[in-house]
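Pasting a structure here, questions to come.
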Amino acid sequence: MVLVKVGSRKSQIGEKSLFTKELEVALELKQVDFVVHSLKDLPTVLPPNMVIAAVCKRDPAYDAVVLHPKHKGKTLATLPAGSVVGTSSLRRIAHLKREFPHLEFADVRGNLNTRLRKLDEGNQYDALVLAAAGLERMGWHNRIDQRLTESPYAVGQGALAVECRESDHETANLLANLHHLPTLLCCIAERAFLKHLEGGCSVPIGVFSQYECDKLHLTGSVLSLDGAECVQQTHTHPLTAAPPSHAQPAMQDCISYSAIKAVDFDQHLLKDAEHAGIVLGEKLQAGGATAILHEVKLGQK
């Protein structure tokens, strides 16, 4: 069995990660047995015979600010007008433009080492906004100058996903032991929400989710590219367990929820979580999100 771990580098905005595509080809050719991704980089519909067999315990889902050394001690709110913030995320740009209109934003590419080097050694950026989980996994907690805990995050952000061939039941059953139930339920709901809105990494869609006391608490937002328009809705959804006599299906008989399978967990709970995400999506559509998303997609053509 071979494990290949990848980061979350993108090719171009709106395109699937080249690393993700190459690894799925390796899976299809049986060169590897499973691969590990940042869940936020995986689309809600995977190629044929591919499945997410494990969603691991989530690290912090929020974004983090890393400041240029000359700005140490400041926050986004106190940076000088016209300061340039580097990020490759349209979601982050839209939300931050809305909250911090005095800032400018510029694209930044590369892995974490490359991005931090561009910040520290150059004059193009005054700050970067990155996923906190990536920085913390690298042990770079001291580089975080501000935690954006009040800002919506990307669907699946902070969670690692393990993908394998759906037909490889032995590997899928083994990986199922890595599922973390609270993370699993939140991420199924988030991905169902994104799928219902027909969104992806190239649209400004953000979420908050929390699972406690057998309820999912969800908040979703859709913004225009400039952050001027925003639709936000919340939804609390009780999750109902299956009757005690209800038998759990085998892996090959389980259905997937936005490409996630979890054989060892109550399928009623998973289905309820998926439904919660769909309901949240419907609420945003009723509030005007469809028109905003239509304009966003027209603006990208």
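The values are calculated or read from the model by the stated rules, or taken from the named source; none is laboratory data. Because the structure is a prediction, the values reported are computed rather than measured. Every residue, glycine among them, receives a Cβ derived from its backbone with ideal geometry; neighbour counts consider all protein chains shown. The protein model used for the area step is the full one, side chains on, heavy atoms only, and it has no ligands, DNA or RNA in it. Shrake-Rupley method; radii C 1.70, N 1.55, O 1.52, S 1.80 Å.
Quick check on the range 215-237: of everything there that is in a loop (DSSP other than H, G, I, E, B) and farther than 12 Å from Leu90 by Cβ, which residue is most open to solvent (accessible area, probe 1.4 Å)?
It comes out as Glu229.
Applying the selection to the range 66-91, what residues are under 21 Å from Pro152 (Cα atoms) and either free of Cβ contacts under 8 Å to residues at least 24 places away in the same chain or in a helix (DSSP H, G or I) (or both)?
Leu76, Ala77, Thr78, Leu90, Arg91
Filter the range 138-156 for residues that are part of a helix (DSSP H, G or I) and either loosely packed, with under 15 Cβ neighbours inside 10 Å or under 16 Å from the mean Cα position of the chain (by Cα) (or both) and give the result.
His141, Asn142
I'd like to check something: does the range 172-190 contain any residue that is under 30 Å from Gln300 (Cα atoms), in contact with a helix residue (DSSP H, G or I) (Cβ under 6 Å, 6 or more places away or on another chain) and either among the aliphatic types (A, V, I, L, M) or without any contact (Cβ under 8 Å) to a residue 24 or more places away in the chain (or both)?
So far as the range 172-190 goes, yes, one or more of its residues are under 30 Å from Gln300 (Cα atoms), in contact with a helix residue (DSSP H, G or I) (Cβ under 6 Å, 6 or more places away or on another chain) and either among the aliphatic types (A, V, I, L, M) or without any contact (Cβ under 8 Å) to a residue 24 or more places away in the chain (or both).
Moving to a separate point now. If you scan the range 126-144, which residues turn out to be touching a Ser or Thr at 6+ places or on another chain (Cβ under 9 Å) and over 13 Å from Tyr62 (Cα atoms)?
Once the filter is applied, which keeps residues that are touching a Ser or Thr at 6+ places or on another chain (Cβ under 9 Å) and over 13 Å from Tyr62 (Cα atoms), the range 126-144 yields Asp126, Ala127, Leu128.
Additional query: Just to be sure I understand, how many residues within the range 10-42 are buried (at least 18 other Cβ atoms within 10 Å of the Cβ) and either among the aromatic types (Phe, Trp, Tyr) or at pLDDT below 85 (or both)?
5
Now, a different point. Is it true that some residue in the range 221-233 is modelled with pLDDT of 95 or more, over 18 Å from Lys297 (Cβ atoms) and not polar (S, T, N, Q)?
No, the range 221-233 contains no residue that is modelled with pLDDT of 95 or more, over 18 Å from Lys297 (Cβ atoms) and not polar (S, T, N, Q).
Related question: In the range 200-214, what residues are in contact with a helix residue (DSSP H, G or I) (Cβ under 7 Å, 6 or more places away or on another chain) and in a loop (DSSP other than H, G, I, E, B)?
Matches in the range 200-214: Ser202, Val203, Pro204.
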